[in-house]
Amino acid sequence: MKKLIELLAKEMAAAFERAGYDASYGRVNLSNRPDLCEYQCNGALAGAKAYKKAPIQIAGDVAAQLADGSIFSMVEAVPPGFVNLKVREDFLASYLMDMQKEEKMSVTPAKEPKTILIDYGGPNVAKPLHVGHLRSAIIGESLKRLGRYMGHKVIGDVHLGDWGLQMGLIITELRRRLPGLVYFDDSYQGEYPKEAPFTIGELEEIYPAASQKSKEDEAYKAEALQATYLLQQGCRGYRALWKHIMQVSVADLQANYQRLQVDFDLWKGESDVQEYIPAMVRDMQEKGFAREDAGALVVDIKEETDTKEIPPCMILKSDGASLYTTTDMATLVERMKLYHPDEILYVADKRQEMHFTQVFRCAKKTGIVDAGTKLFFLGFGTMNGKDGKPFKTREGGVMRLENLIGEINEEMFHKIVENRSVKDKDAKDTARIVGLSAIKYGDLSNQATKDYIFDIDRFTSFEGNTGPYILYTIVRIKSILHRYDGANDQKLLPAASSSEKGLMLALAGFGSAMEEAFAERAPHKICSYIYELSNAFNRFYHETKILAEEDEAQKASWICLLRLTQRVLETSIDLLGFEAPEKM
Ligand code: ARG
């Protein structure tokens, strides 16, 4: 369905034409003076030069064409040449009635759906999930849901870091602790045990211990590098251990992501694409893209227009080992082969920007990714503590995701119990739901590229621009709907007050807000939209005695308006990746 602003612009364009001007000047914007008007058109100012006329004269000509129309209730030409606009209440009500009949409300689904692959999450197997991975998961999940809502085919891939040195470190530490394990017996020919020789708890203790030792002890580090090498070369026992590490670790990761309501279609990782590397390298060499540089194999990717130094993309180290870039290139080989996406979007820390610049350029230059496929990097900023430094535990360590969620839920639980007499069990469930909104909204309401401060007090507040405030608004609507027992017709009467009209205008803006958020890959625009919508609703709510209204048709119309508000809000928070409780 057409967006409200498009309908207004169409009417405006026709008026320019009737007044003898070009229709292209009839563009309409949201007003930046809400005290004076709802929308405005600045086309007269733009057209003044072309027509050698004072803008106010053009604005006046156009306004005259629009008197007594069916769309605008006010059309005012004001100096120096604006046309200030207000929408007719009956037109607005009928627009919203059309909108509520549509499955996607005022969003127009893509005419040519694209296949979009989103690479997000990026946890490293065997290392605990920490807050650094939180942003990728939250932002990526939202963009995936938004893309699907727009009608695209979106594939989410977790892209595990499962092939690096951490594996060699764990194997080395295990070997030192339990040298008698069958995995370390080179002459062993039989089957390896099904059960892993460690639990997730042990694994989480082993990795940091090993990592610490390798920093202090050169020989230990050399052993870990050698173990990594042997693993990658296919050593049987190490492969079997690697499988155990994967099993135990991935099960834990899945539980964590589930708690965050983040879900991936593909659980692939760096290890899955190693098989593509030899042929990929050979091809780059044969086609003359790769050259040797001090023993290493590199691809030049500098461009004339570069304003800063872009180093060559390294494909193989001088010892023949592959790198982070190699694996990402090989992953592109596989993604093109299996999914042939129109677009691949990477959501990762913005400090990885150079890495992705290199990978993208190299992939395009070597033809691994064809011209028709867009590669896009969305780099996010750091999540900081109140001290402005990267978020840490009270003891100064890296904050584990689980603990962070635990802390938020605890805080939410106290607030909820303080607020009202909810039963303990219900309060715990509610705290989990509301807590998730606090974390996700706290993150998503900031522009992704910026750093932000993770402020538990602010994020869990029921007031202000927060997740809990949005949920509180939804719960308030649900409670009114619950108590209403009248007829449920779909008829909306024209707004009876300015606060009601404000709410209706906000609702009508749903489609534009979502489409803009998608086009700019900017979930924070969804947040700004629902914050304003919630404010508009609460203003209306405070001024209107809905259930006490005696005119049944009026009351039914308000109930219908509430239902639409609830639907728009719940759809929007679903796109952000969280949901509302029944009560709070
Ligand atoms: N595992 C990486 C990290 O923790 C993030 C992976 C991002 N995705 C990618 N295709 N490189 O830094």
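We did not get these values from a lab; they are worked out from the coordinates using the rules stated. Because the structure is predicted, anything quoted here is derived from the model rather than measured. A quick note on method: Cβ atoms are made from the backbone with ideal geometry, for glycine too, and the neighbour counts reach across all protein chains shown.
Over 29 Å apart at the Cα level, from the set K3/K350; K111/K337; K525/K555; K386/K415, are K3/K350; K525/K555. Segment R432..E395, full-extension length gain: 10.8 nm, with 0.36 nm per residue of separation and the alpha-carbon distance subtracted. Cα centroid separation, the stretch 518-548 to the stretch 395-458: 22 Å. Of the residues R135, R282, the one with the fewest other Cβ atoms within 10 Å heads the list, and the complete ranking is R282, R135.
Which lysines have a Cα less than 17 Å from the Cα of K302, not counting those fewer than 8 places away in the same chain? Partners found: K364, K365. Taking 0.36 nm per residue of separation and subtracting the Cα-Cα distance, full extension of the segment from R563 to R148 would add 147.1 nm. Quick one: angle between helix 467-483 and the longest Cα principal axis of the chain, in degrees between 0 and 90, rounded to 10, please. It is inclined by approximately 50 degrees. Extension gain, D293-H340: 0.36 nm per intervening residue step, less the Cα-Cα distance, totals 13.7 nm. When both bridge partners sit in the chain, DSSP labels roughly 50% of those beta bridges antiparallel. Within the straight-line cut-off of under 12 Å between alpha carbons, the aspartates and glutamates reachable from K428 are E410, E411, sequence neighbours fewer than 8 places apart in one chain being disregarded. Shown for the chain: cysteine residues without a partner Cβ closer than 4.7 Å, namely C37, C41, C235, C527, C560.
Name the shape class, rounded, prolate or oblate, that the alpha-carbon gyration tensor gives for the stretch 180-231, where a ≥ b ≥ c are the square roots of its eigenvalues, rounded holds for a/c under 1.5, and otherwise prolate holds if a/b is larger than b/c and oblate otherwise. Note, shape of the stretch 180-231 comes out oblate.
When the dipole is taken about the Cα centre of the chain, and only Lys, Arg (+1) and Asp, Glu (-1) are charged at their Cβ, what size is it in debye, to the nearest 20? Approximately 540 debye in magnitude.
For the stretch 317-409, the Cβ-based charge dipole about the Cα centre amounts to some 240 debye (Lys, Arg positive; Asp, Glu negative; other atoms uncharged). Based on DSSP H segments of at least four residues, each scored -39500 (n - 2.57), the chain has a per-residue ellipticity at 222 nm of -17000 deg cm²/dmol.
Can you work out the PRE-style zone for K425? Point 7 Å along Cα to Cβ, and I want the residues of the stretch 540-582 with backbone N under 20 Å. Those under the cut-off are 581-582.
Think of the stretch 215-266 as a dipole: +1 on every Lys or Arg Cβ, -1 on every Asp or Glu Cβ, centred on the Cα centre; then among Y220, Y257, W242, W242 lies furthest on the positive end.
As a proxy for reagent exposure, S187, S479, S437 were ordered by neighbouring Cβ count within 10 angstrom, fewest first; the result is S187, S479, S437. If you take the Cα centroid of the stretch 9-88 and the Cα centroid of the stretch 553-568, the two points sit 32 Å apart. Computed from backbone phi with θ = phi - 60° and the Karplus coefficients 6.51, -1.76 and 1.60, the 3J(HN,Hα) list for the stretch 286-296 is 4, 7, x, 7, 9, 9, 8, 9, 6, x, 8 Hz; x is used for glycine and proline.
Listed by Cβ neighbour count within 10 Å, with the fewest neighbours leading, K101, K127 appear as K101, K127. Of all alpha-carbon pairs in the chain, indicate the percentage at a distance above 31 angstrom. Summing the P(r) of the chain above 31 Å gives 60 percent of all pairs. Amide H contacts of H130 (H built 1.01 Å from N, in plane; Pro and chain starts excluded): L401 sit under 5 Å, all sequence-distant by 5 or more or on other chains. Given axes a ≥ b ≥ c from the Cα gyration tensor, I'd like to know whether the stretch 89-198 is rounded (a/c under 1.5), prolate (a/b larger than b/c) or oblate. Since a/c reaches 1.5 and a/b is larger than b/c, the shape of the stretch 89-198 is classed as prolate.
Across the stretch 62-69, computed HN-Hα scalar couplings (Karplus, 6.51 cos²θ - 1.76 cosθ + 1.60, θ = phi - 60°) run 5, 4, 4, 5, 9, 4, 6, x Hz from first to last residue, x flagging Gly and Pro. Is the stretch 268-350 best put as rounded, prolate or oblate by its Cα gyration tensor, with a ≥ b ≥ c the root eigenvalues, rounded for a/c under 1.5, and otherwise prolate when a/b is larger than b/c, oblate when not? Cα axes put the stretch 268-350 in the oblate bin. Positive-end ranking of A296, G385, G69 along the dipole of the chain, with charges on Cβ about the Cα centre, is headed by G69.
Let me have the relative contact order for the stretch 64-209, percent, based on Cα pairs under 8 Å that are six or more residues apart. With pairs under 8 Å counted, the relative contact order is 19 percent. Within straight-line reach of K127, meaning a Cα separation under 18 Å, sit the following lysines at least 8 residues removed in sequence or on another chain: K213, K215, K221, K243, K268, K392.
Overall, the stretch 429-584 carries a charge dipole of about 40 debye about its Cα centre when +1 sits on the Cβ of Lys and Arg and -1 on the Cβ of Asp and Glu, all other atoms neutral.
What FRET efficiency, computed as 1/(1 + (r/R0)^6) with R0 = 45 Å and r the Cβ-Cβ distance, is obtained for A222 and R351, rounded to the nearest 0.05? FRET efficiency, A222 to R351: 0.95.
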